[in-house]
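J.: The structure is given below, and queries will be raised subsequently.
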Amino acid sequence: MADSKHPDTSLKQPKIETRSRLGGVDIDRPAMQYDYTNFYFGAGEDSFALLDPFDAWWSEAEPEGYYQYESPLQSAPTTRVDVLDKKTGQVRAGLINFASYNYLGLSYREEVKEAIKAAVDVYGGGASGSPILSGTTALHKELSEEVARFKLKEGALIFPTGYSANVGTIAGLMRSGDLIVADQWAHASIVDGMILSKATSRFFRHNNVEDLERKLSGFNGKKLVVVEGVYSMDGDMPPLRDIVAVAKKHGARVMIDEAHSAFVFGDNGRGVVEELDLEEEVDIHLGTFSKSLGGQGGYTAGSLKLINYLRGFSRSRFFSCALAPTVAAGILAALRLAKTEPQLRTRLWDNVRFMKAKLDEDGVPTGVSASQVIPIMVRDDARIFEMGEAIFRAGVFINPVKYPAVPKHKSRFRMSISAAHTHEDLEQGATLIAGVLRDFGVCQ
C-alpha cells in the first residue's frame, strides 16, 4: 500500500518452504494462515527460492479474498465510485467512497480538469526528461514558486511522488556518521530515506518526547529529527511543540512530513506547523500533492540554501523523470482553489465531526484520531478480510489494513473523509459499516 509503515520485524517470522506444507490437511484455510511476512526471508542460494512457496500460497490466497487491493475503479475518485468486483467480474456501482484521499474534493473539479486539458495541448503527455535535463517546464517552475509562497518559504523543490520527496530529502542531506531519529510509526518512505542515507538510524516510541530525548542524548554530530503532521494509519498528531523543543536542545534539525495535514490544517491550510505557530521552528517542510489536492507528486520547502543543496544531492529527483506537465497544471489549479476557498476546509472539519459523532453513536471504535483520517479499529487479523468483503458488498469502498502495515492485532479499516461528502453519504456509510461490524461482534 502507498502509505503503509515500515514492517514490524520484532516478531519472529515463520518459514514456509513447500507447496505440500501449504496444502497440508492439518492447516485450516491456509490462505488466511499466512501473509507477506512469511515470505520475506528464505534459505538457500537461489534468489528465486521463495517464488514457488509464495506462488503456492498466492494461488489460494487471492481467490479467497486475501488481497482486497488494486480493485480497479471505473470512475473518478468522487464520494461515490464504481469498482470492479474481482471475484465476480461485475462492476459495483455507486459505492460510498472512504478509500480515496482527495480530502478537499479537488481532483475532479472542472477548473482542475480544464487546466489539465489545456496543458495537454501545449506539452503533450509526459515530461520526457529528468528535472535537471529537459524535464523542467514553465509549469514546474511556476508550481515550485507557488508552493514556496504558500508555505512562506524561500524555495521549494518538486518531486514526482511523495515517496521520492522523503527519500531524496533525507538521503540527500544526511550522511554516514550522522544521526536520524524518527517516530516509530514513520512512513515507509522516511524509513527508506534513512536507510539510503547510511546515517545511524534510531526510532523513538510513538509521540513519546522522553524517549526522543534519550535517543538524541550523547550523540556528537549532525542530527535530524523526523515526524509527521498526521500519522497515516491512526490519524493522530505529534506533540510537535515539545518535539521541537527537545530537538533544539540537542542541536538537531527538525523535518516534518505533512502529507496528510498540509492544505487542510491551519487557518490558511499551511499545515500543523501553522496550526501550532511553528512554521519558523521547523527546518524542513515536506508534503504531497496526492492527498489534500488529489493530484500526484511531492515537495520539500525551506531555505533557499537547503533547496539549492538538495537540487544537487536528491538522487530520487535527480535521476527520475519529472512530474508530467499535465499533472503539474492540475496541481496548480487545485492549490489555487485550496487557497481561495477556505470554506472547503470548513466543510471538511464539519464532516469529520459529523462522522465521528455518528460512528460513536453506532459503537464503532475509532481509536485516537484527531484528523480526517479515521481508523476503524476491528483488531481481528484473522477476519478483517471477511469483514472487508462484507462491507464492500454492503455498498462501501474502504481499505482493510493489517500487519505488517500496522502491528499485530491492531488491524483496522482506514477511512478518509472528504469535504465533498454529504451528511447523507456519511450517515449511510456509517450505518452500513456498523451493521457489518455488529454481525462480526466488533460493536454492539
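The values are calculated or read from the model by the stated rules, or taken from the named source; none is laboratory data. Because the structure is predicted, anything quoted here is derived from the model rather than measured. Backbone-built Cβ (ideal geometry, glycine too); neighbour counts: all protein chains shown.
J.: Can you tell me which residues in the range 394-442 are more than 19 Å from the chain's Cα centre (by Cα), assigned to a loop (DSSP other than H, G, I, E, B) and either under 20 Å from residue 236 (Cβ atoms) or of a type in the set (D, E, K, R) (or both)? Before you say what the answer is, go through the steps one by one.
T.: So the first thing to find is which residues in the range 394-442 are more than 19 Å from the chain's Cα centre (by Cα), and the list is 394-396, 408-409, 420-442.
Filter again for assigned to a loop (DSSP other than H, G, I, E, B), leaving 395, 408-409, 420-422, 440-442.
Scanning the range 394-442 gives 408, 409.
J.: Would you call residue 268 surrounded by fewer than 20 Cβ atoms within 10 Å (Cβ to Cβ) and within 23 Å of the chain's Cα centre (by Cα)?
T.: Yes, satisfied.
J.: Right, residue 154: out of contact with any Ser or Thr (no Cβ under 6 Å at 6 or more places or on another chain) and of a type in the set (D, E, K, R) or not?
T.: Criteria not met by residue 154.
J.: Yes or no: residue 357 in a helix (DSSP H, G or I), in the same structural domain as residue 93 (by TED's automatic domain parsing) and free of Cβ contacts under 8 Å to residues at least 24 places away in the same chain?
T.: It is true that residue 357 is in a helix (DSSP H, G or I), in the same structural domain as residue 93 (by TED's automatic domain parsing) and free of Cβ contacts under 8 Å to residues at least 24 places away in the same chain.
J.: Continuing with this model, one more query. What number of residues within the range 375-390 are in a helix (DSSP H, G or I) and of a type outside the set (Gly, Ala, Ser)?
T.: 5
J.: Which one of the conditions (1) loosely packed, with under 14 Cβ neighbours inside 10 Å; (2) free of Cβ contacts under 8 Å to residues at least 40 places away in the same chain; (3) outside the structural domain of residue 350 (by TED's automatic domain parsing); (4) closer than 28 Å to residue 359 by Cβ does residue 75 fail to meet, given that it meets all the rest?
T.: (1)
J.: Of the residues that make up the range 152-161, is at least one in contact with a helix residue (DSSP H, G or I) (Cβ under 8 Å, 6 or more places away or on another chain), within 30 Å of residue 407 (Cβ to Cβ) and either among the charged types (D, E, K, R) or at pLDDT 95 or above (or both)?
T.: Yes, because at least one residue in the range 152-161 is in contact with a helix residue (DSSP H, G or I) (Cβ under 8 Å, 6 or more places away or on another chain), within 30 Å of residue 407 (Cβ to Cβ) and either among the charged types (D, E, K, R) or at pLDDT 95 or above (or both).
J.: For the range 403-427, which residues satisfy the criterion of being in contact with an Asp or Glu (Cβ under 7 Å, 6 or more places away or on another chain) and either among the hydroxyl-bearing types (Ser, Thr, Tyr) or surrounded by 22 or more Cβ atoms within 10 Å (Cβ to Cβ) (or both)? Give the steps one after another, and end with the answer.
T.: From the range 403-427, those in contact with an Asp or Glu (Cβ under 7 Å, 6 or more places away or on another chain) are 403-404, 407-409, 411; that's our starting set.
Passing the criteria: 403, 411.
J.: Something else now. Name the single residue, out of those in the range 320-373 being out of contact with any Lys or Arg (no Cβ under 7 Å at 6 or more places or on another chain) and β-branched (Val, Ile, Thr), that is surrounded by the most Cβ atoms within 10 Å (Cβ to Cβ).
T.: 331
J.: Also: Report the residue count in the range 235-262 for those that are buried (at least 24 other Cβ atoms within 10 Å of the Cβ) and of a type in the set (D, E, K, R).
T.: So the answer is 2.
J.: Oh, and also: Could you list all residues from the range 335-393 that are hydroxyl-bearing (Ser, Thr, Tyr) and over 22 Å from residue 271 (Cβ atoms)?
T.: 366
J.: Tell me which residues, restricted to the range 105-127, are under 21 Å from the mean Cα position of the chain (by Cα) and more than 21 Å from residue 427 (Cβ to Cβ).
T.: 106, 107, 108
J.: Run down 260, 250 and say which single residue is in contact with an Asp or Glu (Cβ under 8 Å, 6 or more places away or on another chain) and free of Cβ contacts under 8 Å to residues at least 40 places away in the same chain.
T.: Result: 250 is the single residue among 260, 250 that is in contact with an Asp or Glu (Cβ under 8 Å, 6 or more places away or on another chain) and free of Cβ contacts under 8 Å to residues at least 40 places away in the same chain.
J.: Now a separate question. If you check 125, 42, 89, 105, which single one turns out to be in a loop (DSSP other than H, G, I, E, B), surrounded by 16 or more Cβ atoms within 10 Å (Cβ to Cβ) and at pLDDT below 95?
T.: Working: 125 fails: surrounded by 16 or more Cβ atoms within 10 Å (Cβ to Cβ); 89 fails: surrounded by 16 or more Cβ atoms within 10 Å (Cβ to Cβ); 105 fails: at pLDDT below 95.
Matching residue, one of 125, 42, 89, 105: 42.
J.: Okay, next question. Among strands (runs of 3 or more DSSP E) lying entirely in the range 151-224, which contain 1 or more residues that are in contact (Cβ under 8 Å) with a residue 24 or more places away in the chain?
T.: Because the criterion is at least 1 residues that are in contact (Cβ under 8 Å) with a residue 24 or more places away in the chain, the strands (runs of 3 or more DSSP E) in the range 151-224 that meet it are 155-159, 179-183.
J.: Let me ask something additional. Give me a count of the residues in the range 45-69 that are surrounded by 15 or more Cβ atoms within 10 Å (Cβ to Cβ), among the polar types (S, T, N, Q) and over 27 Å from the mean Cα position of the chain (by Cα).
T.: So the count comes out to 0.
J.: Follow-up question, since we're still on this one. So, in the range 165-199, of the ones that are surrounded by fewer than 22 Cβ atoms within 10 Å (Cβ to Cβ) and of a type in the set (Ser, Thr, Tyr), which residue ends up farthest from residue 221 (Cα to Cα)?
T.: By that ranking, first place goes to 197.
J.: May I ask you to verify whether residue 202 is under 25 Å from residue 261 (Cβ atoms), in contact with a helix residue (DSSP H, G or I) (Cβ under 7 Å, 6 or more places away or on another chain), surrounded by fewer than 24 Cβ atoms within 10 Å (Cβ to Cβ) and among the basic types (Lys, Arg)? Outline the logic, then answer.
T.: Values: under 25 Å from residue 261 (Cβ atoms): yes; in contact with a helix residue (DSSP H, G or I) (Cβ under 7 Å, 6 or more places away or on another chain): yes; surrounded by fewer than 24 Cβ atoms within 10 Å (Cβ to Cβ): yes; among the basic types (Lys, Arg): yes.
In short, yes.
J.: Within the range 276-307, track down each residue that is hydrophobic (A, V, I, L, M, F, W, C) and either surrounded by 24 or more Cβ atoms within 10 Å (Cβ to Cβ) or assigned by TED's automatic domain parsing to the domain that holds residue 415 (or both).
T.: The answer is 282, 286, 289, 293, 301.
J.: On to the next question. On the given criteria, is residue 347 touching a residue at least 40 places away in the same chain (Cβ under 8 Å), outside the structural domain of residue 291 (by TED's automatic domain parsing), under 15 Å from residue 79 (Cβ atoms) and of a type in the set (Lys, Arg)?
T.: When the stated conditions are applied, residue 347 passes them.
J.: Does residue 273 fit the bill of being assigned to a loop (DSSP other than H, G, I, E, B), closer than 13 Å to residue 151 by Cβ and either β-branched (Val, Ile, Thr) or outside the structural domain of residue 123 (by TED's automatic domain parsing) (or both)?
T.: So residue 273 fails the test.
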